[in-house]
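Below: one structure, written as structure tokens.
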Amino acid sequence: SKTLSSHCKLTTAELQVRKGCCIVDGIRALRDIDRHHTMVVEGSFAALERTVQFYVVDRELAETTDLINHEDTFEYGVQAGVFSEATKDELVELWQTYRNGTYYQQERATAEQAEAMLAYAECMHEHVPKLAGRAHDCICW
């Protein structure tokens, strides 16, 4: 079994995809705990970002320091061909809507929202390393 700590010399891109692996693994463990839906949604966004950052950095389109927030990361994702402008807009809107409601605990994520975001994060996390021709860098499949 591969672990993050078993790899000493990682490129910045490899580190990002493996952070995504660890996040996906963690949110899978939280998925079935009823009170942690908000954490699953937050983690799903984090996994999406790390996975997109992996691709963008691997393709030398940006450095991780250029990817300051969700919108930057998603915009670079469009430029890299990871997803469309429409998908980016939906992700940004979803993040803003979600964040506005949950950041101060005014609302909590539902089980359905958590499951949908986890499924999307898993799909992207499986697809993007394959798109890069670097599925071997993912340690969670």
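Data overview
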read-out	value
Every pair of residues 6+ apart whose Cβ atoms lie under 7 Å, when the first sits in the stretch 113-141 and is at pLDDT 85 or above and open to solvent by 50 Å² or more (accessible area, probe 1.4 Å) while the second is not polar (S, T, N, Q) and not in a helix (DSSP H, G or I)	GLU126/TRP141
Residue within the stretch 73-81 that is on the phi > 0 side of the Ramachandran plot and modelled with pLDDT of 90 or more present	yes
Cβ-Cβ under 7 Å pairs, at least 6 apart or on other chains, the stretch 24-36 side surrounded by 10 or more Cβ atoms within 10 Å (Cβ to Cβ), far side among the β-branched types (Val, Ile, Thr) and assigned to a helix (DSSP H, G or I)	ILE27/VAL40; LEU30/VAL40; ARG31/VAL40
Matching residues in the stretch 54-80 - criterion: being in contact (Cβ under 8 Å) with a residue 40 or more places away in the chain and not aromatic (Phe, Trp, Tyr)	VAL57, ASP58, ARG59, GLU63, THR64
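The values are calculated or read from the model by the stated rules, or taken from the named source; none is laboratory data. Small disclaimer: the values here were computed from a predicted structure and weren't measured. Cβ atoms come from the backbone with ideal geometry, glycine included; neighbour counts cover every protein chain shown. Just the protein is used for accessible areas: all its heavy atoms, side chains included, with ligands, DNA and RNA removed. Shrake-Rupley method; radii C 1.70, N 1.55, O 1.52, S 1.80 Å.
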